[in-house]
Each structure stands twice: as structure tokens, then as C-alpha cells.
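Enquirer: Got a structure for you, questions after.
The values are calculated or read from the model by the stated rules, or taken from the named source; none is laboratory data. Remember, it's a predicted structure, so these values are computed and weren't measured experimentally. As a convention, Cβ positions derive from the backbone with ideal geometry for all residues, glycine included, and neighbour counts pool all protein chains shown.
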Amino acid sequence: MTKITTKAIRQLKGKRPVVCLTAYDAITAKLASDAGVDIILVGDSYGTTQLGFETTIPVTVEMMLHATAAVVRAKPNSLVIGDVPFAIARRAPQEVLTVCARYLQEAGADGVKLEGGVEIADTIKLLTDSGIPVFGHIGLLPQQVNQLGGYRKFGKSQAEQDSLVRDARALQEAGCFAFVGEMINDDAARAVSDSVEIPLVGIGCGPHCDGQVLVSTDMLGLNPGKVPSFVKTYATLKDDITRAFSTFAEEVRERKFPT
């Protein structure tokens, strides 16, 4: 399998859904690539799934570069996108450019993901004009959870749907090769997808998107807490790992290991 490019992702629109999963380490990245995943997103969910934070807010650029570089070292055929953490996207455009360049130069990422629509379109345009591929993100913005006061669906009203369409069009015009839509009403997601020529990769947005993304620890059954209602669990690795650890501990104590 050849390395997937941003052009290849754009060309999937209308042909088949884009497959996207998160990964934060070389082992998971290699497995995802071998499974044929199109995009590996090194999400700032790294903070909640791996680092023990309650939200993604404490995640820093240095943490994200560390995780992104680990994924890149697996040499996946998947497109590797590094998430830009809390509040960075709203800084001065030149400062955002400096930060995002580090993802490509230091971590080896194929591109970056930024949360926001119309309000950061000029910054995204600067990035894409500078040669940095951008994976957009509209709808629910987890980095805004404190401002929002919680998680909710977007696009239920006509006004919100129209706003999402404007965001999507702004991202396309700014040069995004694709974008994530999170927690968008099903009908609104269809309208958003129909309004642009780049893929909408949904999470909690229903079936009318151009692709789907899930947090790998959620779908593998590794998350110790509650998972979102839209997640389908494809394995129960938490139980398998706990059982293996328990068996090892028992065998050591009973001198059954090593034999």
C-alpha cells in the first residue's frame, strides 16, 4: 500500500467514506496503518486517554509533538495529522504558523488539525499557503467545553445549520483538504456535506458524512470511564488486559511463572 496523501483524501469525496482513527504511539499507529485506516489523527484526546487529564485543556504543544513523532516513527501508510491544542488557533496568525510548522519539521506529521470555522479561516489560509495541510474541525469544539458549559449537539436549528455551512465553506476556501464535524445533527451534517467539495469526517454526526472518526481507546473498549453514546465498541480489550495482568500476578505469587 502506498502512502496516503491529502489529494487522495479529497478525491474520496463521493467515492467511498474516509476512515479515521486516533493513535498516540507507534504500536497503535502501525496496527491502524496495517488495517487500512486512511487518516491517523494524533488527537489532543491524548490528554484524556493517555495522560490522565479530565479534559483536553491541559495538553500542550510539546506533549502533542511528542505523541505525533511517536506515531510517525511507525512509518504508517496512513496520513498522519497532529492536533493543535487549546487556544493556539486563536493566536496571531504568524504565531500559529510557527507552531504548526513544528508539527511537520520536528514531528514529521503530514498536516495539522485546528478547531474552528469562519473565525480562523484567515489563519488556515496562511497555513495552507505556506505548505501546511489543514484538517478542519467544526461543530462541537472540545477545546471550548468550558465556554460551552458542556457537550451538546449542534445544527438542530436552521440558524445553527446555516452557521455550520458557512464554516464548512470557509474551511474549503481557506484550503482545508477535509474537516471533522463533531456532534452535528444528522440532517445538518447532510446539508454541510452537500455544501462543499471536500470530505466531512463525522464523529457523532450520523450516517450522512463523507467518513467517520473514532477515538481508538473508545472503540477498543480500553476507556475505563463512560464512552459517548455514538461510539460502537469493537473489542473489550480492557477486560482482556486486566485478565492477563491478573493471571500473571497470580502465577508469579504461586511460583508458576517462570516455569
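Enquirer: Say we look at the stretch 24-71 and pick out the residues that are over 22 Å from Ala89 (Cβ atoms) and small (Gly, Ala, Ser); which of these is surrounded by the most Cβ atoms within 10 Å (Cβ to Cβ)?
Expert: Filtering the stretch 24-71 for residues that are over 22 Å from Ala89 (Cβ atoms) and small (Gly, Ala, Ser), the one surrounded by the most Cβ atoms within 10 Å (Cβ to Cβ) comes out as Ala29.
Enquirer: Would you mind stating whether Lys30 is charged (D, E, K, R) and closer than 24 Å to Leu171 by Cα? Outline the logic, then answer.
Expert: Working: charged (D, E, K, R): yes; closer than 24 Å to Leu171 by Cα: no.
Spelling it out, it is not the case that Lys30 is charged (D, E, K, R) and closer than 24 Å to Leu171 by Cα.
Enquirer: Are there any pairs, at least 6 apart or on different chains, whose C-beta atoms fall under 6 Å, with the first in the stretch 232-259 and among the small types (Gly, Ala, Ser) and the second modelled with pLDDT of 95 or more and not in a helix (DSSP H, G or I), and if so, which?
Expert: Within 6 Å, the pairs are Ala235/Leu220; Ala235/Gly221.
Enquirer: Follow-up question, since we're still on this one. If you check Thr128 against the conditions, is it of a type outside the set (Asp, Glu) and within 21 Å of Leu164 (Cβ to Cβ)? Break it down stepwise before answering.
Expert: Numbers: of a type outside the set (Asp, Glu): yes; within 21 Å of Leu164 (Cβ to Cβ): yes.
Judged against the criteria, Thr128 is a match.
Enquirer: Taking the stretch 1-18, which residues are β-branched (Val, Ile, Thr) and assigned to a helix (DSSP H, G or I)? Full working, then the answer.
Expert: Let us first name the residues in the stretch 1-18 that are β-branched (Val, Ile, Thr), namely 2, 4-6, 9, 18.
Once the filter is applied, which keeps residues that are β-branched (Val, Ile, Thr) and assigned to a helix (DSSP H, G or I), the stretch 1-18 yields Thr6, Ile9.
Enquirer: Select from the stretch 72-121 the residues that are more than 13 Å from Pro133 (Cα to Cα), under 17 Å from the mean Cα position of the chain (by Cα) and without any contact (Cβ under 8 Å) to a residue 60 or more places away in the chain and list them in ascending order.
Expert: Passing the criteria: Val72, Pro76, Pro85, Phe86, Ala87, Ile88, Ala89, Ala107, Glu115, Gly116, Gly117.
Enquirer: Write out, first by first residue and then by second, each pair whose Cβ atoms fall under 9 Å of each other, whose residues are 6+ apart or on separate chains, and whose first residue, in the stretch 157-185, is farther than 17 Å from Gly202 by Cα while the second is in a helix (DSSP H, G or I) and hydroxyl-bearing (Ser, Thr, Tyr).
Expert: Within 9 Å, the pairs are Ala174/Thr123; Ala174/Thr128; Gly175/Thr128.
Enquirer: Can you tell me which residue within the stretch 170-185, out of those that are in a loop (DSSP other than H, G, I, E, B) and not aliphatic (A, V, I, L, M), is surrounded by the fewest Cβ atoms within 10 Å (Cβ to Cβ)? Before you say what the answer is, go through the steps one by one.
Expert: First pass over the stretch 170-185, keeping only residues in a loop (DSSP other than H, G, I, E, B): 175-177, 183, 185.
Applying the additional criterion that residues be not aliphatic (A, V, I, L, M) yields 175-177, 185.
Values: Gly175: 19, Cys176: 28, Phe177: 25, Asn185: 21.
In this case the residue turns out to be Gly175.
Enquirer: Can you find, within the stretch 24-48, the residue that is farthest from Asn223 (Cα to Cα) among those that are part of a helix (DSSP H, G or I) and β-branched (Val, Ile, Thr)? Walk me through how you get there before you give the answer.
Expert: Here is the first cut: in the stretch 24-48, the residues part of a helix (DSSP H, G or I) are 26-34, 46-48.
Checking the rest, the ones that are also β-branched (Val, Ile, Thr) come to 27-28, 48.
Details: Ile27: 17, Thr28: 15, Thr48: 10 Å.
Here the answer is Ile27.
Enquirer: What number of residues within the stretch 186-221 are assigned to a loop (DSSP other than H, G, I, E, B) and either touching a Pro at 6+ places or on another chain (Cβ under 7 Å) or free of Cβ contacts under 8 Å to residues at least 40 places away in the same chain (or both)? Let's see the steps before the verdict.
Expert: To start, the set of residues in the stretch 186-221 that are assigned to a loop (DSSP other than H, G, I, E, B) comprises 195-199, 204-210, 215, 220-221.
Within this subset, residues satisfying the condition of being either touching a Pro at 6+ places or on another chain (Cβ under 7 Å) or free of Cβ contacts under 8 Å to residues at least 40 places away in the same chain (or both) are 195-196, 204, 206-208, 210, 220-221.
Residues flagged as assigned to a loop (DSSP other than H, G, I, E, B) and either touching a Pro at 6+ places or on another chain (Cβ under 7 Å) or free of Cβ contacts under 8 Å to residues at least 40 places away in the same chain (or both) within the stretch 186-221 amount to 9.
Enquirer: Next up: Filter the stretch 131-169 down to residues that are aromatic (Phe, Trp, Tyr) and either modelled with pLDDT under 95 or part of a helix (DSSP H, G or I) (or both) and give me whichever is surrounded by the fewest Cβ atoms within 10 Å (Cβ to Cβ). Lay out the reasoning, then the answer.
Expert: Filtering the stretch 131-169 for residues aromatic (Phe, Trp, Tyr) gives 135, 151, 154.
Now narrow it down to the ones that are either modelled with pLDDT under 95 or part of a helix (DSSP H, G or I) (or both): 151, 154.
Numbers: Tyr151: 12, Phe154: 23.
Across the stretch 131-169, the extreme among qualifying residues is Tyr151.
Enquirer: Pick out the one residue from Leu65, Leu21, Leu51 that is aliphatic (A, V, I, L, M), in contact with a strand residue (DSSP E or B) (Cβ under 8 Å, 6 or more places away or on another chain) and outside any helix (DSSP H, G or I). First the steps, then the outcome.
Expert: Working: Leu65 fails: outside any helix (DSSP H, G or I); Leu51 fails: in contact with a strand residue (DSSP E or B) (Cβ under 8 Å, 6 or more places away or on another chain).
Answer to the selection: Leu21.
Enquirer: For the stretch 222-250, give me each residue that is under 18 Å from the mean Cα position of the chain (by Cα) and closer than 23 Å to Val42 by Cβ.
Expert: We begin by selecting, within the stretch 222-250, every residue under 18 Å from the mean Cα position of the chain (by Cα); these are 222-223, 227-233.
If the condition is that a residue be under 18 Å from the mean Cα position of the chain (by Cα) and closer than 23 Å to Val42 by Cβ, then Leu222, Asn223, Val227, Pro228, Phe230, Val231, Lys232, Thr233 are the ones that fit.
Enquirer: When the stretch 225-253 is examined, which residues are found to be farther than 19 Å from Pro142 by Cβ and either among the β-branched types (Val, Ile, Thr) or in a loop (DSSP other than H, G, I, E, B) (or both)? Let's see the steps before the verdict.
Expert: Within the stretch 225-253, the subset farther than 19 Å from Pro142 by Cβ is 232-253.
Across the stretch 225-253, the qualifying residues are Lys232, Thr233, Tyr234, Ala235, Thr236, Ile241, Thr242, Thr247, Val252.
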